Amino acid sequence: MRESQALLAFTALSQETRMRIVRKLVKAGDAGLASGTLAEAMKTSPANISFHLGQLESAGLVKSRRESRSIIYAANCEALGALIQFLMEDCCSGDARVLACC
């Protein structure tokens, strides 16, 4: 992951509702959750949740798919993993054997 991508991801995650959405989607796994379900869980309006999901999708942290009349959102685990790797790549003086344990 490039630094510019990491900064975009951190900017998206720096807002409380968006952080809560990502955590909820990580728990939901690959099945994901409909935007309406997320709006109810976050106790916010559909328009508000759509704004936050758009920010997260632009940062590459969530992905969406259409199922019938619903849009289902899921965490982009590859991107989240790359973000964690970006943070940890200088850990333990770059020793890959130790990094695997971090």
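Points worth noting:
- Within the stretch 25-52, the only residue that satisfies the criterion of being under 18 Å from ALA79 (Cα atoms) and touching a helix residue (DSSP H, G or I) at 6+ places or on another chain (Cβ under 6 Å) is HIS52.
- Residue match in the stretch 19-37 (condition: of a type in the set (A, V, I, L, M, F, W, C) and touching a Pro at 6+ places or on another chain (Cβ under 7 Å)): no
- Those helices (runs of 4 or more DSSP H) of the stretch 1-98 in which at least 1 residues are over 13 Å from the mean Cα position of the chain (by Cα), considering only elements entirely within it, cover 3-13, 35-42, 46-58, 77-88.
- Checking each residue in the stretch 1-50 for being among the acidic types (Asp, Glu) and surrounded by 12 or more Cβ atoms within 10 Å (Cβ to Cβ) picks out only GLU40.
- Cβ separations smaller than 7 Å between residues 6+ apart or across chains give the following pairs from the stretch 32-47 residues that are without any contact (Cβ under 8 Å) to a residue 60 or more places away in the chain and within 15 Å of ILE71 (Cα to Cα) to residues that are of a type in the set (A, V, I, L, M) and in a helix (DSSP H, G or I): GLY32/LEU25; LEU33/LEU25; SER35/ILE49; SER35/LEU53; LEU38/ILE21; LEU38/ILE49; ALA39/ILE49; PRO46/ALA39.
Readers should treat all values here as calculations from the given coordinates under stated rules, not as data from a laboratory. Because the structure is a prediction, the values reported are computed rather than measured. FYI the Cβ positions are ideal-geometry reconstructions off the backbone, even for glycines, and counts take in every protein chain you see.
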